[in-house]
Amino acid sequence: MQMREWMFIPFGNAPPLRHKSFRSEDELRQFLTDRAMHSCFYSTAYWQKPHELKMDNKIWQGADLIFDLDGDHLPGVTDRDFPGMLDVIQDQAYALWNDFLKPEFGFSEDFLQVTFSGHRGFHLHYRDPALFHLDSEARRELVSHIRGEGVDVQGGLTRYNDAKANGWTKRIRTQIPSLIEKLVSIAERKEDANRIMKDLHLSLKENLRREGKPGKGLTSIQKLADMFLHEKRKNAVANGQISRLGASQGLFLDLVKSDASIVLGAAGETDEVVTIDVRRQIRWPTSLHGKTGMRVTEFQLSRLDRDGSNPFDALSEAFVFGRDKNTNVEIVVDDATLRFGEDNYDVTLGDKLSVSESAATFLSLKGWAKVVI
């Protein structure tokens, strides 16, 4: 406790309270009992003198490695479908650990703490003392590898049919069929073709921007997609023969790297700023998120797996207020998909509902509903 710096956001417009330190958890809890706070944070860094007001005087001792995954960072995902967003980002968090941190970096579950953030995602706190010393640049390199920056997709294809290949070569081999399926949907003008096209273009645009390459338009993606109407060419590309795409193979390879199902679905999207910041503040587990009223909830790693025997369900487990439907609210947003425990709602502007105290708190803090008498 004494090596952490704490920060609190009061209710109202008061400025954050920073540079706080406590000798014990009991002392911290007494502080919060005396003065309730909107949100509570603690530093991922360890300090020799956390109470000092100047950062240089605190004397940095090291920092946890934090991976912050938020659903609103994913292309094509919106928190207006709150249950769907949480499902997607929970899958990303599990993939981040299962596909990268454990097999590629040798991370041990012994040093891991998994928490639901209380809002739009999950935190993986990694506390291996052997890694406390890593500076921002070392942490940035780790995130860059996870996000696929600088990955040589063309080179990875030289081992496309090698069943023993791992790392990004394995991920490329696994995910190319997914990309082909999306391109076929676009070519066949299926019902969700426009959405798929926009999602691919959004992730491609961001990837090309990071790599300093010129952008590509929707027309280019459509032309590439139309090439997959030819069955023989589609099957050849699915077997790694990218040259069959001629001048369009460069665009296809860029899409392989930028497609959300690869950079995110297989790799996990993590907020780079949080991971590389060796002085970051993170939400305190067991505290309530001031924008939702949901608890920042710790749970076992195995429960990140939504296909497991006992998956974590934030929308059942992170609400802490009353569950009886005795509060009337009126929806003030155009459209939203919601779930509170077993209760599912598709709502639109003007809808009136009787909901639980937990649901009313969530909707009010999100600005999606107002309480009515």
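Just to be sure I understand the filter: pairs with C-beta atoms under 6 Å, separated by 6 or more residues or on different chains, first member in the range 85-104 and under 14 Å from Leu301 (Cα atoms), second member of a type outside the set (Gly, Ala, Ser) and at pLDDT 85 or above. Which pairs pass?
Gln90/Arg306; Gln92/Leu69; Ala93/Leu69; Ala93/Phe122; Ala93/Leu304; Tyr94/Leu304; Tyr94/Asp305; Leu101/Phe107
Can you find even one residue in the range 26-39 that is in contact with a strand residue (DSSP E or B) (Cβ under 7 Å, 6 or more places away or on another chain), crowded, with 18+ Cβ neighbours inside 10 Å and not in a helix (DSSP H, G or I)?
Yes, because at least one residue in the range 26-39 is in contact with a strand residue (DSSP E or B) (Cβ under 7 Å, 6 or more places away or on another chain), crowded, with 18+ Cβ neighbours inside 10 Å and not in a helix (DSSP H, G or I).
Here's the yes/no breakdown for (1) at pLDDT below 90; (2) assigned to a helix (DSSP H, G or I):
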site	(1), (2)
Pro214	yes, no
Asn235	no, yes
Gly240	yes, no
Gly250	yes, yes
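Given the conditions (1) over 22 Å from the mean Cα position of the chain (by Cα); (2) part of a loop (DSSP other than H, G, I, E, B), and given that Gln61 satisfies all but one, which numbered condition is not satisfied?
(2)
Based on this model, can you work out whether Gly118 counts as buried (at least 22 other Cβ atoms within 10 Å of the Cβ), farther than 18 Å from Thr275 by Cβ and among the small types (Gly, Ala, Ser)?
Judged against the criteria, Gly118 is a match.
To keep it simple, each residue is scored yes or no on (1) loosely packed, with under 15 Cβ neighbours inside 10 Å; (2) of a type in the set (Val, Ile, Thr); (3) out of contact with any Leu (no Cβ under 8 Å at 6 or more places or on another chain).
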{"position": "Gln300", "(1), (2), (3)": "yes, no, yes"}
{"position": "Arg303", "(1), (2), (3)": "no, no, yes"}
{"position": "Asp307", "(1), (2), (3)": "yes, no, yes"}
{"position": "Glu317", "(1), (2), (3)": "no, no, yes"}
{"position": "Phe321", "(1), (2), (3)": "no, no, yes"}
{"position": "Asn326", "(1), (2), (3)": "yes, no, yes"}
{"position": "Tyr345", "(1), (2), (3)": "no, no, no"}
{"position": "Thr348", "(1), (2), (3)": "yes, yes, yes"}
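Quick test of your reading of the structure: Asp162 fulfils all but one of (1) at pLDDT below 80; (2) closer than 19 Å to Ala93 by Cα. Name the failing condition by number.
So Asp162 meets the others, but not (2).
Can you tell me which residue is farthest from Leu255 (Cα to Cα) among those in the range 203-237 that are surrounded by 15 or more Cβ atoms within 10 Å (Cβ to Cβ), hydrophobic (A, V, I, L, M, F, W, C) and out of contact with any Gly (no Cβ under 6 Å at 6 or more places or on another chain)?
Ala236
Is the range 40-61 home to any residue that is hydrophobic (A, V, I, L, M, F, W, C), closer than 18 Å to Gly290 by Cα, modelled with pLDDT of 90 or more and surrounded by 15 or more Cβ atoms within 10 Å (Cβ to Cβ)?
Yes, the conditions are met somewhere in the range 40-61.
Considering (1) among the hydrophobic types (A, V, I, L, M, F, W, C); (2) touching a Ser or Thr at 6+ places or on another chain (Cβ under 8 Å); (3) in a strand (DSSP E or B), say which one Val114 fails and leave the rest.
(2)
Does Asp72 satisfy the criteria of being over 22 Å from Arg139 (Cα atoms), touching a Gly at 6+ places or on another chain (Cβ under 9 Å), in a helix (DSSP H, G or I) and assigned by TED's automatic domain parsing to the domain that holds Ala138?
yes
Given the criteria of a type outside the set (Asp, Glu), modelled with pLDDT under 95, surrounded by 14 or more Cβ atoms within 10 Å (Cβ to Cβ) and not assigned by TED's automatic domain parsing to the domain that holds Thr292, does Lys366 qualify?
For Lys366, the condition - of a type outside the set (Asp, Glu), modelled with pLDDT under 95, surrounded by 14 or more Cβ atoms within 10 Å (Cβ to Cβ) and not assigned by TED's automatic domain parsing to the domain that holds Thr292 - is not met.
Can you name the residue in the range 238-261 that is of a type in the set (S, T, N, Q) and within 20 Å of Arg147 (Cβ to Cβ) and is also surrounded by the fewest Cβ atoms within 10 Å (Cβ to Cβ) among such residues?
Ranking the qualifying residues of the range 238-261, first place goes to Ser261.
Going through the range 13-25 one residue at a time, which ones are part of a loop (DSSP other than H, G, I, E, B) and either closer than 30 Å to Asp135 by Cα or in contact (Cβ under 8 Å) with a residue 12 or more places away in the chain (or both)?
Correct list: Pro15, Pro16, Ser21, Phe22, Arg23, Ser24.
Under 23 Å from the mean Cα position of the chain (by Cα), small (Gly, Ala, Ser), farther than 27 Å from Asp99 by Cα and modelled with pLDDT of 90 or more, is that true of Ser309?
So Ser309 does not fit the description; no.
Among the residues of the range 90-111, how many are outside any helix (DSSP H, G or I) and either within 25 Å of Val77 (Cβ to Cβ) or in contact with a helix residue (DSSP H, G or I) (Cβ under 8 Å, 6 or more places away or on another chain) (or both)?
4
Does any residue of the range 44-67 turn out to be closer than 15 Å to Arg283 by Cβ, hydroxyl-bearing (Ser, Thr, Tyr) and in the same structural domain as Leu134 (by TED's automatic domain parsing)?
Yes.
Going residue by residue through the range 22-36, is there one that turns out to be assigned by TED's automatic domain parsing to the domain that holds Gly121 and in contact with a His (Cβ under 8 Å, 6 or more places away or on another chain)?
No, because not a single residue in the range 22-36 is assigned by TED's automatic domain parsing to the domain that holds Gly121 and in contact with a His (Cβ under 8 Å, 6 or more places away or on another chain).
The values are calculated or read from the model by the stated rules, or taken from the named source; none is laboratory data. Just so it is clear, the model here is predicted, and its values are computed rather than measured. Heads up, the Cβs are rebuilt from the backbone with ideal geometry, glycines too, and the neighbour counts pull from every protein chain shown.
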